[in-house]
Amino acid sequence: MAQSAKSEAKQIVDPGIEKGAAGLTEERIQAVIHRVLKGESGARLKVYVDTCVHCGLCSDACHYYLSHDKDPRYSPVAKVKQTLWEMIRRDGRVSVDFMRRAAEIAHTECNLCKRCAMYCPFGIDIAYLMLVVRRIVHLLGMTPQYIQDTAHSHAAVSNQMWVKPDEWPDTLQWQEEEARGEIPTLRIPLEKEGADIMYSVIGPEPKFQAQLIYQAAMIMDMAGVNWTMPATAGWDNSDMAMYTGDNEVMGRIKREHFETAARLRVRRIVMGECGHAFRSVYDVGNRWLGWRIPPIPIIHAIEFYHELLTSGKIRVAKKFQTPVTIHDPCNVVRGAGLHHMAREVAHAICEEVVEMYPNCEHNYCCCAGGGVINCGPPWKNKRIEGNRVKADQLADAKIRGAKVLIAPCHNCHSGLEDINHAYELGLDIKFFGDIIYEVMEKPGA
Amino acid sequence: MHPIYGWVTGPLTWIAFVLFFGGLLYRLAQLLVLIRRKEPFIFSYMSFKYGLRSILHWLLPFGTVNWRLHPVMTIVTFAFHICLLAAPIFLMAHALLFEEAWGLGWPSLPDVVADGMTMVVMAGAVFFLVRRIVRPEVRFVTSTSDYLLLALVAAPFVTGFIAYHQLFAYRWMLVAHIVSGQVLLVAIPFTRLVHMLFAPLTRAYMGSEFGGVRHAVDW
Amino acid sequence: MADVSRWDWEIGTKTIPFDAWKADFAWVEEPYISPDGERIAAVVNIDEAQFSVCVNGQPWDGIFDKAWYLRFSPDGRLSVLVSEDGEWTVAVDGETWPDRYGYVWNTLFSADGAHIAAAAQQDMAYAMALDGVMWENRFSNMTHFALSPDGRHTAATVQVKEIGEADIARFQAGCYSAALDGEVWDNAFTNVWHLAFSADGTRLAAEVRQGLYDYTIAVDGRPWERSFSSVWQPIFHPASGAVIAPVRLDGQWTLAADGAPIWPQRFVQAWHQQVSPDGRRLAAIVSPRYGYWTLALDGESWRTTVNEMIMDLRFSPDSRRVAATAKHDGRWTLMVDDGLWRQGFDQVRAPVFSPDGRLVAMVGETEGRFALVVNDHRMPQSYQALWQPVFSPDGTRMLVRGIEKGTYRRQVLAVDQLLA
Amino acid sequence: MKPFVTVLLAVACGVLWSTTTLLAQEDMRTVPNDVFMAPQRPPAVFVHDEHNTAAGIDECNRCHHVYRDGQLVEDESSEDYRCSDCHAETDTDDGMPALMDAFHGNCKQCHLEKGKGPIMCGECHQRP
């Protein structure tokens, strides 16, 4: 059962924040704050700050707030107060310590899940405001170490996990070979110009979870899809630079992703079960580049599986017997309204689906997304403590019979694993792809 | 009293209305210029349909999850805002003054009703005050300016109420009522009370993003 | 480029069966067509872990554990990446390079096709390999591979200092540089991206980032004096040798040459700049206002815009015309001379100009059927696969390479008849 | 016991005072508002003789005017009529001001013009 996360917040030292803080002067802080608040940002920041009446109605939206026994410091508006309001009030003359705390708040106390945007009567976008803070933190060089390292990886090798250019096609070929043990004719077609679909994944898949590529290849093969994967940079759709406020690198990797798809002359991109990457392609990254909508249509795995199941391209041999519950990831549910499709997919492949509450757009965040899990080990416990409410929610679903938790997002998956372990929930966490691979008919296998 | 009355109902009123409407127009123009200059993408995502859809949900008491989560706050805030807007506009005395000044007449409320609405506004203000003090999540984000704004909003209603009931120093109370109303009008465009103008816009933008881009609801 | 005039330009059709191969192999992968249209090739699987390449129905002698990235070079040679016993190499027309590598990939061809390069990894060290010869200097990582237009020089972004796990300070101090024929620039940068060669292959320019925020262009290792909030890939002006790159200034993009902005106009986006063959005009893909795209010539953007994407900017050989593929409301078409074609498709290939610039041709695909469009006229014939057409040097003939009903057809058509 | 007695006395005095006021018809102290269907405010204070003396009004038709075809008839007066005989409670098409507007026009406008006399709502509509 979920335990109360009462432990007093200990001072966590992050080498990345400290590296930036060292040698930082208040003049430089002010100059950077001016640059961002007066130079780069515009109407949204001004109107959001001028319109907020400090009513606190956003509080109940936030899992950090709820998990910390309604500690007011964790309410969404309180995070703005502790960062932007002060910066504005003091015209950017804030101390290094203040910025240290601002970096901590923006990076480790907000998942940018936008649940609060649905609770603010005015629709103030606090996730956006926290991104503005992260932008300031980035320009001051105070981004937490591990996520900064991830942004470096994006910049150096165009993927999230320092996967070298040869390791990528090599891994795909290895998975192709593995899968041929099951389906001898299976192909992972690389660089196939004119395919219908370019399948793109995130860095951790080739690095740690190559079996997901295996499964995806099996699904593609069984469905008879004309697909391809790029052998070049641009294969990784993920985007931690979006979360560090390094917009220039964000734009760089999004451009590479879309132009790779354009080069391969595909009709659309299908991406794996990842949430933040989805936010980056339709909301943040594309806009920085001037693309109003993704220039090559991109659909999430949930939509793709839905399409394959409803069109009969893949058939279910025997439904998954263990009762499942569905976690709604912020970026594809509040971000793309895929919760209906997710349920249809779940019902199509599983015998019993137990809902957790609140659900759909109102689901509680996994507390891993928004770059928080990417801030790495120093912040892990804080992240777990900050989501007791999720543990309670999952425990409730478990009491009502759920044994498997479907989390169609990588960050959610990893974050929920931590919650699952820390609160001893005993759920088995899966992707949709895991279950589809398990239950689908595999003629030829 | 004639010169003072003449001054507050004459030039001061003009100044107040010019600053109020001019201020609102200025804020709106400033906003549009800023969007055009820095965030032109906002225009391209604004959707009349989805913006309105969101606004209507939020305009409906208990029409959103968060309204349902806070039933007392919901009732109070709707009652407060409705009375806050309707009582001054449809007060007979105000309508009368407008008619006498410009020949512009509109239907007005019986005084008893307006009186009741004034009491609702005052009670709402007290509720908000208490809520600011009592609720930790609200107190944490409350600053002096929040109390001042609340006082600014309550003042014309309190003074109006006292003047209407002629409880004491009627003449001075009426002058205080007029002046506090004017101060409030002028304050709206230049303080967080500008949410009167901006809240529908921010809501419409969030509604547009949710409806048009995210295919999700924002309530 | 190979001598196109020596190709068979006789009007007529040659056919080569393709689907028929399927009987001879476990499977046949997607086909590739030689530039002159005389050969059709595909990677074929013979048995478990036995791959070869089949050309015009004849398999190569060699059998490999794996074979992929089959590509014809511009001079018509056929290359493929192959592995045997866990080692990789490049096979060209059936002959493998003498060296074996831990991995080799990203085949590059010189403009005339005489030279073939690839990125190679041996014992976890990286270098470029040109015509089978690997750089002597090896690096711990290598990205952004480039081959000079004349094919005599190779270059890549290389990692020159080791970085410990999550050592962000060291990374930011600069651990990357560029290597030209294996020789590293004097300077290291935080990042080095997208290299560009000068026409003669002796100079090298790249996007660089110094620290986390200062972007500029480095030419032969020397950064421009001025830095920007971002930059995109540079090009060398073929005549003047100036380096031209899009730069971001105050949140908007423009083009700069040798460090100074050259276009007074500012754009939401500007990239893929290109100099006309005569060296007189400079074009780029730009977004004049948010969400709208067009081309800009010498700083002036066209009036016609599309709302999704523009790619494949091409000048006509006489430098007078410009075309690019453009996507509007979900349909791809061609934007040419400030106008849009009426013919739209699900997908298209890059446009091709006739030598005199009078004609522009494009391949488009809708629901799996390909069609050829010339000057916005859709040709009646449709195909199950179709490659870019080639104009004869005198501009009177057109080579069309397509597959229909499982048979490859090489057709030479008279241009006059096409448009009649 | 004491508060109770005080309240009782106060109520008794109030009743007595109001009765006497009503009875003293010869000395008009307010403009009667009983012609209004639903009067919103207390009747306006108006001590007829005192007001006219103070304001130096000799001519009855300064207030008890007669209009014909929209023109003021100089020599006629209308003190035999009730104001509501001509002025309807609500606006009519004949251009005649409604009753309340007529009262306000007659009293308040004159006060504003002369710079004397009550002009704020509660100055006339005094609560008892």
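Label-point separation (nm) for A:THR322 and C:LEU249, each offset 7 Å from Cα along Cα-to-Cβ?
It works out to 6.1 nm between the two label points.
Spelling out what I want: for every residue of region C:198-206, take phi, set θ = phi - 60°, compute 6.51 cos²θ - 1.76 cosθ + 1.60 (Karplus), and round to whole Hz; glycine and proline get x.
My calculation for region C:198-206 gives 6, 4, 8, x, 9, 10, 9, 10, 7 Hz in order.
Let me confirm one metric for peptide C:150-159, namely the mean number of other chain beta-carbon atoms within 10 Å of its residues' beta-carbons.
1
Using a 1.4 Å probe and ignoring any ligands, DNA or RNA, find the accessible area of D:ASP101 and quote it in Å² to the nearest 10.
50
Let's test the formula: R0 of 60 Å, r as the Cβ-Cβ distance of B:TYR26 and D:ASP27. What FRET efficiency results, to the nearest 0.05?
So the FRET efficiency works out to roughly 0.55.
Using a 1.4 Å probe on the protein chains only, how many percent of the accessible area of chain C belongs to carbon and sulfur?
On the way: 7450 of 16330 Å².
Of all accessible area on chain C, carbon and sulfur atoms account for 46 percent.
Got a sec to turn the phi values of region A:27-38 into Karplus ³J(HN,Hα) couplings, 6.51 cos²θ - 1.76 cosθ + 1.60 with θ = phi - 60°, whole Hz, x for Gly and Pro?
Residue by residue, region A:27-38 yields 5, 5, 4, 4, 4, 5, 4, 4, 4, 7, 6, 9 Hz.
Looking at C:TYR290, C:TRP253, C:SER301, which one has the Cα that reaches farthest to the positive end of the dipole of region C:224-340 (charges on Cβ: Lys, Arg +1; Asp, Glu -1)?
Checked the options; the winner is C:TYR290.
Apply the Karplus parameterisation 6.51 cos²θ - 1.76 cosθ + 1.60, with θ equal to phi minus 60°, to every residue of region C:46-52 and state each ³J(HN,Hα) to the nearest whole Hz, in sequence, with x for glycine and proline.
Values per residue, Gly and Pro as x: 9, 7, 4, 6, 10, 10, 8 Hz.
In the full protein assembly as shown, how much of A:LYS398 is accessible to a 1.4 Å probe, in Å² to the nearest 10?
Here the residue's solvent-accessible area equals roughly 90 Å².
Quick one: with all protein chains in place, what share of the accessible area of region A:231-298 is carbon or sulfur, to the nearest percent (1.4 Å probe)?
55
Could you list the residues of region A:375-406 with an amide nitrogen less than 19 Å from a label point located 7 Å from the Cα of A:VAL13 in the Cα-to-C-beta direction?
Residues A:376-382 fall inside that zone.
For the pair C:GLU300 and C:ASP8, how long in nm is the line joining their label points, each one 7 Å along Cα→Cβ?
With each label point 7 Å from Cα toward Cβ, the separation is 4.8 nm.
Which residues' amide hydrogens lie under 5 Å from the amide hydrogen of A:VAL163, considering only partners 5 or more residues apart or on another chain, with H built in the peptide plane?
none
Can you sort B:PHE43, C:PHE370 by 1.4 Å-probe accessible area, starting with the largest?
Largest accessible area first, the list is B:PHE43, C:PHE370.
Run the helix sum for the protein assembly as shown: -39,500 (n - 2.57) per DSSP H stretch of 4+ residues, divided by residue count, reported at 222 nm to the nearest 500 deg cm²/dmol.
Helices in the protein assembly as shown give a 222 nm mean residue ellipticity of -11000 deg cm²/dmol.
If I take R0 = 25 Å and measure r between the Cβ atoms of C:LEU419 and A:GLU193 in this structure, what FRET efficiency does the formula 1/(1 + (r/R0)^6) give, to the nearest 0.05?
0.35
Can you give the average number of partner chain beta-carbon atoms within 10 Å of each beta-carbon in peptide C:63-70, as a whole number? Show your work: numbers first, answer last.
On the way: counts 0, 0, 2, 3, 0, 11, 4, 1.
Averaged over the peptide's residues, the number is 3.
Positive end of the dipole of the protein assembly as shown, charges at C-beta (+1 Lys, Arg; -1 Asp, Glu), about the Cα centre: which of B:LEU85, A:ALA402, A:ILE136 has its Cα farthest in that direction?
B:LEU85
Taking the mean number of other Cβ atoms within 10 Å as a proxy for protection, how do you rank B:15-28, B:44-57 from highest to lowest? All intermediate terms of the calculation are to be shown ahead of the outcome.
Working: B:15-28: 15.1, B:44-57: 17.9.
Most protected by this proxy first, the peptides run B:44-57, B:15-28.
Got a sec? Which residues in region A:251-279 would a label at C:THR366 touch, if it sits 7 Å along Cα→Cβ and we count backbone N under 11 Å?
none
Could you report the buried accessible area between A and C, both sides summed, computed with a 1.4 Å probe and given in Å² to the nearest 100?
Buried area between the two chains comes out at roughly 5100 Å².
Determine the total buried accessible area between chain D and chain B, counting protein heavy atoms only with a 1.4 Å probe; round to the nearest 100 Å².
Summed over both sides, the interface buries about 1700 Å².
Taking the Cα centre of chain C as the origin, how large is its charge dipole in debye, to the nearest 20, when only Lys and Arg (+1) and Asp and Glu (-1) carry charge on their Cβ atoms?
Working: 37 positive and 55 negative charges, 319 e Å.
In total the dipole reaches around 1540 debye.
Using the crude model of +1 on Lys and Arg Cβ and -1 on Asp and Glu Cβ, and no other charge, please compute the dipole size for region C:35-192 relative to its Cα centre, in debye to 20.
It comes to approximately 440 debye.
Once the Cα atoms of helix B:48-59 and of chain B are each reduced to a long axis, what angle between those two axes, in degrees from 0 to 90 to the nearest 10, is obtained?
60
Roughly how tilted is helix A:410-422, in degrees to the nearest 10 and between 0 and 90, from the longest Cα axis of chain A?
Roughly 80 degrees, rounded to the nearest 10.
Compare the Cα positions of C:ALA155, B:VAL153, A:ILE302 along the charge dipole of the protein assembly as shown (+1 at Cβ of Lys, Arg; -1 at Cβ of Asp, Glu; about the Cα centre) and return the one farthest towards the positive end.
Looking along the dipole axis, the top candidate is B:VAL153.
Which far-off residues, 5 or more places away or on another chain, put their amide H under 5 Å from the one on D:VAL73, with H placed in the peptide plane?
D:VAL66, D:TYR67, D:ARG68
Looking at chain C, which longest stretch skips every one of the GluC sites (Glu not before Pro) that is in a DSSP loop with at most 14 other Cβ atoms within 10 Å, leaving the sites themselves out?
Counting at most 14 other Cβ atoms within 10 Å as exposed, the longest clean stretch of chain C is C:226-366.
Give me the accessible area per residue for the protein assembly as shown, probe 1.4 Å, as a whole number in Å².
41
Taking chain A as the reference, fit the longest principal axis to its C-alpha atoms, fit the long axis of helix A:210-223 to the helix C-alpha atoms, and give the angle between the two in degrees, 0 to 90, nearest 10.
For A:210-223 against chain A, the angle is about 50 degrees.
Per residue of A:36-42, count partner chain C-beta atoms within 10 Å of its C-beta, then hand back the mean as an integer.
What the average comes to for A:36-42 is 3.
What dipole magnitude, in Debye to the nearest 20, does the protein assembly as shown give about its Cα centre under +1 on Lys/Arg Cβ and -1 on Asp/Glu Cβ?
Dipole magnitude for the protein assembly as shown comes out near 1660 debye.
Which residues does the label zone of B:GLU99 cover in region D:62-83, counting backbone N under 18 Å from a point 7 Å along Cα→Cβ?
D:83
With each pseudo-label sitting 7 Å past Cα toward Cβ, what's the B:TRP14-C:ASP99 distance in nm, one decimal?
According to this spin-label approximation, the distance is 8.9 nm.
Sequence-distant or interchain residues sharing an amide H contact under 5 Å with A:PHE320, placed H: which?
Here the answer is A:CYS350, A:GLU351, since their amide H atoms fall under 5 Å of that of A:PHE320.
Would you tell me the accessible area of B:PHE190, worked out with a 1.4 angstrom probe on the heavy atoms of the protein chains, in Å² to the nearest 10?
Roll a 1.4 Å probe over it and B:PHE190 shows about 110 Å².
At a Förster radius of 35 Å, what calculated FRET efficiency corresponds to the Cβ-Cβ distance of A:GLU27 and B:SER145, to the nearest 0.05?
Efficiency for this residue pair is about 0.80.
The values are calculated or read from the model by the stated rules, or taken from the named source; none is laboratory data. Model, not experiment: these values are computed from the prediction. A quick note on method: Cβ atoms are made from the backbone with ideal geometry, for glycine too, and the neighbour counts reach across all protein chains shown. We work out accessible area using only protein heavy atoms, side chains counted, and drop any ligands, DNA or RNA first. Shrake-Rupley method; radii C 1.70, N 1.55, O 1.52, S 1.80 Å.
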